[in-house]
Amino acid sequence: MNRKRRGFISTFSLLTFCVVFLSIISYSILGTKVKALAEEVSKEETEKIVYLTFDDGPTIVTKQILQVLQEEKVTGTFFVIGQLVEQNKAIAETCKRHLVNALCVHTYTHEDKIYRNIETFMEDYHKCSDALKGLTGREVPKFMRFPGGSSTTMARKPVLKEIRGEVVDKGLYYVDWNITIDDSLARNKPAEILVSKFYREFKKNKKDRIVVLMHDSYYNKTTVPALKEMIKALKDDGYVFKNFNDIDDKELKILEERGLINKHEKKLDRQVNK
């Protein structure tokens, strides 16, 4: 009887030890997973992303900007003019070789008349898209920028509203900005003035998502030295640099919520890859 009892106690003790041991291991594994998940969520909540965007190229200034981006090991998005893609073929080829950056549609002509109606606008869009596709041999990104932005005064408001609706119905996404350096308001503004404007806007808009509007036309040579200082400031503040080839559905939703993409439209549950 005592022997049986001792055997029972030994077996019970062994089982108890196993249960406790397995519980500790399970808790440890679960705790590690929970901690990793919490860290991932925290990272997503605190991650700061900046999109450097450039309108009105490609020109000789575009080549200089590409050089700066390469030297600084950051990326950008170029909203191009289709006519310039066709006219400046050598520079356009340079853009093609730097496809670590995004090339997106801006306009074919950049003339006010494209805003006459939906038909004239979409004709201009498709001509620019075809020019880009002819350059890269790839499908054109679904992200575009209206000349003058989505609230441009180049178009009558009712017509602009219809055009925005048509763009969204075609599965496209129009991109605005929350920081501008006003480099298009005068030819070759001194770089220090552009940098000063950037710092004023950056101070007001230190958000988790920043889209910076700049220009790379023939008349924006001073944007190049200003860009170097802006990149340094953004790096020092912990921003990650992305372009509009880097957008997944989650990031798309964030940019829509921040009013940086399709800001005038009702937020719909759409997917980039549809």
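Each residue in segment 235-257 was checked for being within 15 Å of the chain's Cα centre (by Cα) and either not assigned by TED's automatic domain parsing to the domain that holds F146 or not basic (K, R) (or both), and 16 pass. Residues that are among the β-branched types (V, I, T), surrounded by fewer than 23 Cβ atoms within 10 Å (Cβ to Cβ), closer than 26 Å to L255 by Cα and in contact (Cβ under 8 Å) with a residue 60 or more places away in the chain do not occur anywhere in segment 55-63.
Of all residues in segment 238-264, those that are under 14 Å from K48 (Cα atoms) and either touching a strand residue (DSSP E or B) at 6+ places or on another chain (Cβ under 9 Å) or surrounded by 15 or more Cβ atoms within 10 Å (Cβ to Cβ) (or both) total 9.
When you look at F121, is it modelled with pLDDT of 95 or more, closer than 27 Å to M230 by Cβ and not charged (D, E, K, R), yes or no?
no
The set of residues in segment 137-158 that are over 20 Å from the mean Cα position of the chain (by Cα) and surrounded by fewer than 21 Cβ atoms within 10 Å (Cβ to Cβ) comprises G137, T152, T153, M154, R156, K157, P158.
The values are calculated or read from the model by the stated rules, or taken from the named source; none is laboratory data. Just so it is clear, the model here is predicted, and its values are computed rather than measured. Positions of Cβ are generated from backbone atoms using ideal geometry, with glycine treated the same way; all protein chains shown enter the neighbour counts.
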